[in-house]
Amino acid sequence: MRYVDEYRAEAEAQKFVQAIKGTVTREWNLMEVCGGQTHTLIKSGIDRMLPELVTLVHGPGCPVCVTPLELIDRAIAIARRPEIIFTSFGDMLRVPGSKTDLLSAKSEGADVRMVYSPLDSVKLAEQNPDRQVVFFAVGFETTAPPNAMAVHAAQQQGVDNFSILTSHVLVPPAMETLLSSPDNQVQGFLAAGHVCAIMGYWEYEPIAEKYQVPIVVTGFEPLDLLQGIFMTLKALEEGRWGVENQYARLVVREGNQPAQKLMGQVFETCDRKWRGIGEIPMSGYRLKDEFEHFDAEKRFDVGAIEAQEAPECIAGEILVGMKKPHECTAFGTKCKPEHPLGAPMVSAEGACAAYFQYGRGE
Amino acid sequence: MCLGVPGKVIETQEDPLGMTMGRVSFGGIVKEVCLAYTPDVEVGDFVVVHVGFAISKIDEEEAHKVFEYLQEIGELQELDVPQPGDTEQEADG
């Protein structure tokens with residue numbers, strides 16, 4: 001409750017909690033797709049305010065967690081080359097590769113730098129013409145337009161010493177993979193608000209129809225989440241499916257058109273491997289052929305990568321909601337934020353980190 | 001990584017290749033932000049910014065509410081990451 005109190009919105013939160021309690025008559029499993037939402041739910045204690053009949057299943061929307069292990073190993077190998085300035089958002093730096101992470105590579109002498117924006121990497125490249133600047137371009141649809149713009153700007157400005165190491169992933173194909181699994185337990189979804197601010201929500205409508213599930217586009221503050229949960233449960237109780245928009249203050253059905261246009265110029269969809277989950281058809285973006293020379297994977301040959309996951313880590317089952325973090329035997333013992341076995345324990349969007357930080361381990 | 005932080009546009013300018021950039025204040029911390037994806041934004045407007053890109057306009061009252069919330073829960077560390085222009089400015093000043 002603490003953070004909801006601090007949000008000075010306790011009365012309103014309670015109103016939604018009461019409405020939820022008055023609505024629910026049977027067991028329901030909802031998935032919040034986005035790891036940022038998972039953290040808010042756990043941090044604000046919303047998971048503990050809901051009726052016992054409602055289970056929140058934490059989804060795969062943690063970009064850091066689903067970035068393939070081979071790519072992290074490759075990032076580290078590239079970062080270690082003397083001509084490279086390797087740039088990344090802060091949350092990738094501590095994600096464990098097979099043997100080490102980017103932050104450790106930095107402490108061993110690699111030039112690894114945190115950047116605020118991918119355009120800052122392009123600027124760094126301009127300022128360091130005798131070096132090669134690589135940006136680690138991972139993320140969901142929210143981050144794809146900034147990364148597309150960095151590549152576009154580098155091309156326009158002729159910044160040839162800039163490239164990206166990329167592994168973009170997309171939400172709708174992952175939702176379809178979950179829904180079509182024979183083990184699927186999820187009956188309704190909270191869709192990630194900022195992904196939809198870019199993409200809109202039209203692409204969720206056929207999914208809602210095909211699998212007969214309610215999908216509610218939801219924001220990130222505790223009240224947004226409570227309202228999104230209420231809307232999803234109400235639809236379920238009334239036997240309705242379809243897409244609703246809780247986050248209308250930021251999201252329109254068509255999404256952000258200029259952003260989609262530039263993404264379409266720079267990226268194309270491709271099959272993509274998700275760490276812990278496996279390959280999902282047409283679930284990622286790669287650079288189009290005409291931007292191939294900005295692909296760091298092609299520019300820097302670091303040889304064959306043989307990635308090795310920590311055998312005890314059950315991140316894959318956690319990312320698809322089959323298990324909760326505390327059901328892992330390594331949780332809180334062998335695996336902690338300071339020495340993680342898997343990515344969900346270090347990421348600000350990882351479910352394991354949320355459970356560890358906010359005492360859901362018992 | 002999908003965090004969106006609201007801020008106030010205090011300056012806009014076109015870069016040499018025609019891309020609209022701007023300076024956005026997040027409770028006093030000023031960042032250089034790309035405004036290309038919010039073409040109708042003007043100085044004084046509030047925007048939600050993701051990794052240095054405005055992705056949407058937001059009304060002022062809502063912007064303050066969300067910013068205070070993010071501040072309270074300690075989700076604004078990304079604003080501490082320096083930008084390549086920052087040191088130049090300090091050198092100039």
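Since every read-out is calculated from the coordinates, none of them should be taken as a lab result. No experiment lies behind these values; they were computed from the predicted model shown. Note that each Cβ is placed from the backbone with ideal geometry, even for glycine, and that neighbours are counted across all protein chains shown.
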Handout entry: DSSP-defined beta bridges in chain A - what % are antiparallel, rounded to 5
Key = 25 percent
Practice task
Work out the mean other chain Cβ neighbour count within 10 Å for the residues of B:36-43 and drop it here as an integer.
Solution key: 3
Problem - Extension gain (nm, one decimal) between residue A:302 and residue A:23, 0.36 nm per residue minus Cα-Cα - result: 94.8 nm
Exercise for the section: Exposed loop trypsin sites (Lys or Arg not before Pro) only (DSSP loop, at most 11 other Cβ atoms within 10 Å): please give the longest stretch of chain A free of them, not including the sites. Expected result: A:100-362
Completion exercise
Put in order of increasing Cβ neighbours within 10 Å, starting from the fewest, A:266, A:169 give A:266, A:169
Practice task
Compute all pairwise cysteine Cβ distances in chain A, then list the cysteines with no distance under 4.7 Å to another cysteine.
Solution key: A:34, A:196, A:270, A:313, A:328, A:335, A:352
Exercise for the section: Report the residue, chosen from A:347, A:163, A:98, that carries the largest GNM mean-square fluctuation when chain A is represented by alpha-carbon nodes joined by springs under 10 Å. Expected result: A:98
Handout entry: Shielding by partners, peptide B:75-81 (average Cβ within 10 angstrom, other chains)
Key = 4
Practice task
Pop out the ³J(HN,Hα) list for region A:279-292 in order, Karplus 6.51 cos²θ - 1.76 cosθ + 1.60 with θ = phi - 60°, rounded to Hz; leave Gly and Pro as x.
Solution key: 7, 10, x, 6, 10, x, 10, 10, 5, 5, 3, 5, 10, 3
Practice task
Report Rg/Rh for region A:1-128, rounded to two decimals, where Rg is the Cα radius of gyration and Rh the Kirkwood radius.
Solution key: 1.17
Practice task
Return A:322, A:263 ranked ascending by Cβ neighbour count within 10 Å, so the fewest neighbours appear first.
Solution key: A:322, A:263
Handout entry: Viscosity 1.002 mPa s, temperature 20 °C, Stokes-Einstein D of chain B from Kirkwood C-alpha radius, µm²/s
Key = 158 µm²/s
Practice task
Pull out a ≥ b ≥ c, the square roots of the eigenvalues of the alpha-carbon gyration tensor of chain A, then state rounded if a/c is under 1.5, prolate if not and a/b is larger than b/c, and oblate in the remaining case.
Solution key: prolate
Fill in the blank from the handout: Averaged over the residues of A:111-119, the number of partner chain Cβ atoms within 10 Å of each residue's own Cβ comes to 6
Exercise for the section: Treat every Asp and Glu Cβ in chain A as -1 and every Lys and Arg Cβ as +1, leave all other atoms uncharged, and give the resulting dipole magnitude about the Cα centre to the nearest 20 debye. Expected result: 520 debye
Completion exercise
Under 5 Å from the placed amide H of residue A:168, counting only residues 5+ away or on other chains, we find A:285
Handout entry: Within region A:123-238: Cβ-based charge dipole about Cα centre, in debye rounded to nearest 20 (Lys, Arg +1; Asp, Glu -1)
Key = 260 debye
Handout entry: Under the Karplus curve 6.51 cos²θ - 1.76 cosθ + 1.60, θ = phi - 60°, whole-Hz ³J(HN,Hα) for region A:196-208, x wherever Gly or Pro sits
Key = 6, 4, 7, 8, x, 10, 4, 6, 8, 4, x, 5, 4
Exercise for the section: Kindly write out, for region A:24-29 in residue order, the coupling ³J(HN,Hα) from the Karplus curve 6.51 cos²θ - 1.76 cosθ + 1.60 (θ = phi - 60°), rounded to whole Hz, with x marking Gly and Pro. Expected result: 7, 10, 8, 6, 9, 10
Handout entry: Sorted by Cβ neighbour density within 10 Å, fewest at the top, the residues B:21, A:345
Key = B:21, A:345
